[in-house]
Amino acid sequence: MDTPQEKPHAGPRPAALLGPVEIRQLAEELDITPTKKLGQNFVHDPNTVRRIVSAAAATDGDDVIEVGPGLGSLTLALLDTVRSVTAVEIDPRLAERLPRTVADRAPDHADRLNLLRQDALTVLPADLRAAGAPEPTALVANLPYNVSVPVLLHLLAEFPTITRVLVMVQAEVADRLAAAPGSKIYGVPSVKAAFYGTVRRAGSIGKNVFWPAPKIDSGLVRIDRFPGGEEPWPIDARTRAAVFPLVDAAFAQRRKTLRAALSGHYGSGAAAEDALRAAHIDPGLRGEKLGVADFVRLAGVVR
Ligand code: SAM
């Protein structure tokens, strides 16, 4: 267990990370019974949060947005390393307690914390500006499991300044996000995440680092947004609006051929077939065979 350093220290003192005892104490003090509805599984293992910060390749040039800081486990580890953390927490009790936890356990970095008490699904750049928080360069979070994919896709869409993502999600969701075309688990989240950059699994996390322990293992996912100027297609709202409905339609009936699955989108099977052929895609294939580049081509987006 990490404890605050007492001796005089040349540089800023490192944060005192939260172990099982501190997590229980904080939860008791706040009278918190973790809820499944809000995906409240708190990490009580300092090594795990250090591992997340390291897998995120976070540096002192990063302004991180963290969704669901909870009792502050990951927040404290991030504050040691990055320039700022903007924490977005929906649970008022947790949001209210966080600044005090940071002041107590990371006093030399407390000024690096910005806090928004808000649903991450609704957070927009204007909310950060209003809170005096900088534009985020990275998203690092142990995401609430019930909304992990929508939150991830929402933040990637709304915050183009996020160049790196490291999120902890359920293991099967991590697999799905990082899946390649043709695999059984490849689907809408895989294509939509790959729209923004390269997506890969960045490790596995067991159940016992959490309190309460979830029923399933977790996985880390890293996304590196395509570098500016090197995007294979425009990463903007207009392109997204053209591409994502095709992805949704192709996977809504994933056992059907693309000709059939996209007939509603194009008005008829014949029109779908024409569009597919024009994009050099075999209309007899299923959606699960198409990479995001194929969907972009089908949408008629040309760089
Ligand atoms: N980061 C902490 C940790 O690693 O111990 C807590 C992670 S816990 C899996 C998820 C956190 O997200 C909880 O604190 C929960 O209250 C919060 N949360 C759930 N839904 C949310 C939402 N829609 N927006 C923001 N925070 C949310």
Mean Cβ neighbour count within 10 Å, used as a protection proxy, ranking 36-43, 258-265 highest first: 258-265, 36-43
- request: Could you work out which residue, out of D45, D80, D111, moves most in a Gaussian network model of the chain, that is, has the largest mean-square fluctuation with Cα springs under 10 Å?
  value: D111
field: Computed accessible area, Y266, all protein chains, 1.4 angstrom probe, square angstrom
entry: 70
Helix 92-105 axis, angle to the chain major axis (alpha carbon atoms, nearest 10°): 50
- prompt: Tell me, what does the Kirkwood hydrodynamic radius of segment 101-196 come to in angstroms if you use every pair of distinct C-alpha atoms?
  reply: 15.0
- request: In vacuum, with every alpha carbon of the chain counted as one equal point scatterer, what does the Debye formula give for log10 I(q)/I(0) at q = 0.10, 0.11, 0.15 Å⁻¹? Two decimals, please.
  value: -0.58, -0.69, -1.11
Scattering curve values for segment 237-298, log₁₀ I(q)/I(0), Debye with Cα scatterers, q = 0.13, 0.24, 0.25 Å⁻¹: -0.26, -0.95, -1.04
query: If you stretched the chain out fully between Q118 and D282, how much longer would it get, using 0.36 nm times the residue separation minus the C-alpha to C-alpha distance?
result: 54.5 nm
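Within 10 Å, count the other beta carbons around each residue, average over each peptide in 165-171, 11-17, and list them highest first.
Ranking the peptides 165-171, 11-17 by packing returns 165-171, 11-17.
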- prompt: Taking only Cα atoms, what is the 0 to 90° angle, nearest 10, from helix 20-30's long axis to the longest principal axis of the chain?
  reply: 90
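Say the cut-off is 26 Å between C-alpha atoms; which of K37/K207; K36/K207; K37/K215; K36/K184 go over it?
From the list (K37/K207; K36/K207; K37/K215; K36/K184), the Cα-Cα distance tops 26 Å for K36/K184.
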- request: Mind computing the radius of gyration and Dmax over the alpha-carbon atoms of segment 153-203? Å is fine for both.
  value: 10.8, 32
- prompt: Using a Förster distance of 22 Å, how high is the FRET efficiency between F226 and D127, based on the Cβ-Cβ distance and rounded to 0.05?
  reply: 0.30
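The values are calculated or read from the model by the stated rules, or taken from the named source; none is laboratory data. Every value quoted in this text rests on a predicted model; they were computed, and no experiment measured them. When we count neighbours, we look across all protein chains shown, and the Cβ atoms used for this are built from the backbone with ideal geometry, even at glycine. We work out accessible area using only protein heavy atoms, side chains counted, and drop any ligands, DNA or RNA first. Shrake-Rupley method; radii C 1.70, N 1.55, O 1.52, S 1.80 Å.
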